[in-house]
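Engineer: I am attaching a structure below and will ask some questions about it afterwards.
Each value in this text was obtained by applying a stated rule to the coordinates, not by laboratory testing. Keep in mind the model is a prediction, meaning the values are calculated, not measured. Glycine gets a Cβ as well: all are built from the backbone with ideal geometry, and neighbour counts include every protein chain shown.
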Amino acid sequence: MPESRRAASGTSFALAFQVLPPGQREAIRAVHAFSRCIDDSVDEEPDPGRARDKVARWRLEIAACYEGEPSEPAAVALRPHLARFRIPRGYLDELLSGVEMDLTHLRYATFEELRRYCYRVASVVGLICLRIFGDHEERGRGYAENLGLALQLTNILRDLEADRARGRIYIPGDEMRAFGYSEDALARGERTKAFDTLMRFQAARAREYFAQADREAGGLDRRRLLAAEIMSRIYQRLLGRIEASGFDVFRRRVRVPFLERAWITGSTLIASNGAR
């Protein structure tokens, strides 16, 4: 799946979450380590039957986090943060259901289908983070949902070729047909006029979700959302780089260089301090 929840050292997530207080930072790390483990249970298991068994075991681990004693290290590490930040079990169940969709959905017929997937694997993570940031009443729910969708849609564009190589296409089928771009053309890595138009349509949708998140943030305490704001700015820069490359995502993975990500982090932090 697009790597929206990877949190290894040096990634945009790790850089953004460095600005958090230690307790929140450890909770976020635990959430992303858990997310990575359940991702890997599907992405790194070539046998679909065994992958389904692993998902079922993770479902039991989630239940144990709330009703018993989990055994998987990632679940054990996550458990105390679930209680401390009052994270609902339904969010973890929904996240796992999103991961499970990669076993049942190799294609998405419409954007509404894709949106459900993106909500589960990205917006739900945002809602969990919202709790960790201190918004237990979820006043920022709209912000978290829209930003999660924007991040995931950006990842889908960046990882188009890697996902295709795994047999998955996250561009809605009805939109591919409407713009006249086929799966065969995608498999050949053809960057035609139809491809460019289709990709610009996808990028514009992602930008609209970024804009919606920004509008939602206007009524919130943005200092509380500092880590999320850093992520938003880094990913908007990534989307801009993808567009500037002419959507050349077949030959290489478009990235935002570390120094540029560090500059975005620093400038966002300075702007936040100036707003106090």
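Engineer: I'd like the projected area of the chain, averaged over all directions, using the convex hull of its alpha carbons. Report it in nm² with one decimal.
Structural biologist: Taking a quarter of the hull surface, the average projection is 14.1 nm².
Engineer: Return ARG115, ARG241 ranked ascending by Cβ neighbour count within 10 Å, so the fewest neighbours appear first.
Structural biologist: ARG241, ARG115
Engineer: Computed over the Cα atoms of segment 52-153, what is the ratio Rg over Rh, Rh following Kirkwood?
Structural biologist: 0.99
Engineer: A follow-up question, please. From the helices alone, meaning DSSP H stretches of at least four residues, give me the mean residue ellipticity at 222 nm for the chain, per-run term -39500 (n - 2.57), in deg cm²/dmol to the nearest 500.
Structural biologist: About -22000 deg cm²/dmol.
Engineer: Counting other beta carbons within 10 Å of each residue's own, what order do GLU216, GLU190, GLU113 fall into, fewest first?
Structural biologist: Lowest to highest Cβ neighbour count: GLU190, GLU113, GLU216.
Engineer: Same structure, new question: So which DSSP H runs in the chain come out at 15 Å plus along the axis (Cα) with average Kyte-Doolittle of at least -0.5?
Structural biologist: Those that clear 15 Å and a mean of -0.5 are 22-43, 73-84, 89-104, 141-158, 226-244, 258-274.
Engineer: A follow-up question, please. Putting +1 on Lys and Arg Cβ atoms and -1 on Asp and Glu Cβ atoms, find which of TYR91, THR192, TYR235 reaches farthest to the positive end of the dipole of the chain.
Structural biologist: Result: TYR235.
Engineer: With point charges of +1 on the Cβ of Lys and Arg and -1 on the Cβ of Asp and Glu, referenced to the Cα centre of the chain, which listed residue (THR110, THR268, ILE169) lies farthest in the positive direction of the dipole?
Structural biologist: Value: THR268.
Engineer: Using +1 on the beta carbon of Lys and Arg, -1 on that of Asp and Glu, and nothing else charged, what's the dipole of the chain about the Cα centre, debye to 20?
Structural biologist: 820 debye
Engineer: Order by neighbour count: HIS136, HIS81, HIS105, fewest other Cβ atoms within 10 Å first, most last.
Structural biologist: With the fewest neighbours first, HIS136, HIS81, HIS105 line up as HIS136, HIS105, HIS81.
Engineer: Calculate, for ARG139 and GLN18, the FRET efficiency according to 1/(1 + (r/R0)^6) with r their C-beta to C-beta distance and R0 22 Å; round to the nearest 0.05.
Structural biologist: Plugging the Cβ-Cβ distance into 1/(1 + (r/R0)^6) gives 0.30.
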